[in-house]
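What follows is a short report on a single structure.
Each value in this text was obtained by applying a stated rule to the coordinates, not by laboratory testing. Remember, it's a predicted structure, so these values are computed and weren't measured experimentally. Cβ coordinates were reconstructed from backbone atoms using ideal geometry, including for glycine residues, and neighbour counts include every protein chain displayed.
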Amino acid sequence: MILSSLTGRKEMNDRVFVDTNIWVYAKINGKDDIKRKMAIDFLSKLKVQVYISTQIINEFFNVLAKNKIDNDKIIESIYQILNNVILSEVTFSIIERSWKLREKYHYSVYDSLILASAIESDCTILYSEDLHHNQLVENKLRIINPFK
């Protein structure tokens with residue numbers, strides 16, 4: 001499906017975090033075919049270490065289930081994603097960090113958890129459509145909207 005060309009990513013030192021919306025666009029047919037194609041192209045061309053968190057997996061499952069995608073197909077998609085990324089767990093230290101980020105940057109609780117997970121994973125880029133494009137968070141993490 002997607003991420004077929006990520007074989008070289010483990011040789012790179014760059015770490016990126018990919019938000020839920022990009023995975024969802026790459027999977028759901030019919031809602032926004034232009035963004036679907038862009039998301040698939042974007043993901044297939046990444047040549048760096050890709051990180052996601054357990055939160056991303058849960059959000060992905062939830063959105064696909066709301067779009068009436070068969071449970072088995074959702075689980076198959078999750079395994080495909082997990083075969084090509086490094087999964088970080090949302091720990092209590094990440095939750096605590098997210099509280100501080102939420103207060104400082106005024107993002108939602110869930111977006112702050114994404115930021116904290118990306119920072120905790122030592123990522124330098126967070127790819128997301130939902131957050132402020134090109135913002136630098138904690139002088140460590142740059143938010144990039146891959147659809148711009």
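Using Cβ counts within 10 Å as a stand-in for footprinting exposure, how do PHE60, PHE17 rank, fewest first? Don't skip to the answer; put the middle values down first.
Working: PHE60 21, PHE17 29.
Placing the least packed residue first, the sequence is PHE60, PHE17.
Explain nothing, just the number: relative contact order of the range 14-144, from Cα pairs under 8 Å at least 6 residues apart, as a whole percent.
Numbers: 179 pairs, mean separation 39.2, N = 131.
Relative contact order for the range 14-144 comes out at 30 percent.
What is the calculated FRET efficiency for ASN29 to ILE75, with r their C-beta to C-beta distance and R₀ = 25 Å, to the nearest 0.05? It would help to have the intermediate numbers written out before the result.
Working: r = 18 Å, r/R0 = 0.72.
Computed FRET efficiency for ASN29 and ILE75: 0.90.
May I ask you to evaluate 6.51 cos²θ - 1.76 cosθ + 1.60, the Karplus curve with θ = phi - 60°, for each residue of the range 69-82 and list the ³J(HN,Hα) values in order in whole Hz, giving x for glycine and proline?
Working through the residues one at a time gives 7, 4, 3, 5, 5, 5, 4, 4, 5, 5, 5, 4, 5, 4 Hz.
Which residues' amide hydrogens lie under 5 Å from the amide hydrogen of ILE144, considering only partners 5 or more residues apart or on another chain, with H built in the peptide plane?
Sorted by chain and number, the residues that satisfy this are LEU126, TYR127, SER128, ASN134.
Once the mean 1/r over all distinct Cα pairs of the range 74-148 is inverted, what Kirkwood radius in angstroms do you read off? Present the calculation step by step, with values, prior to reporting the outcome.
On the way: mean 1/r = 0.0763 Å⁻¹.
One decimal place: 13.1 Å for the Kirkwood radius.
For every helix of n ≥ 4 consecutive DSSP H residues, a contribution of -39,500 (n - 2.57) applies; sum these over the chain, divide by its total residues, and give [θ] at 222 nm rounded to the nearest 500 deg cm²/dmol.
Numbers: 6 runs with 72 residues, N = 148.
After summing the helix terms and dividing by the residues of the chain, the value is -15000 deg cm²/dmol.
What are the ³J(HN,Hα) couplings of the range 15-21, residue after residue, when phi is run through the Karplus curve with 6.51, -1.76, 1.60 and θ = phi - 60°? Round to Hz, x for glycine and proline.
10, 10, 10, 10, 6, 3, 4
Give the long-range amide H neighbours of TYR51: residues separated by 5 or more places, or on another chain, with amide H under 5 Å away, using H modelled in the peptide plane at 1.01 Å from N.
Close amide H contacts, sequence-distant or interchain: VAL16, PHE17, VAL18, ILE86.
DSSP beta bridges in the chain, what fraction antiparallel, as a percent rounded to 5? It would help to have the intermediate numbers written out before the result.
On the way: 2 of 14 bridges.
So the antiparallel bridges in the chain amount to around 15 percent.
Please turn the phi angles of the range 137-148 into ³J(HN,Hα) values with the Karplus equation 6.51 cos²θ - 1.76 cosθ + 1.60 (θ = phi - 60°), one per residue in order, whole Hz, x for glycine and proline.
Going residue by residue, I get 9, 6, 6, 10, 10, 9, 8, 10, 8, x, 8, 8 Hz, with x marking Gly and Pro.
For the pair ASN58 and MET38, how long in nm is the line joining their label points, each one 7 Å along Cα→Cβ?
2.9
Residues with amide H under 5 Å of GLU138's amide H, sequence separation 5 or more or different chain, H placed in the peptide plane at 1.01 Å from N; which?
none
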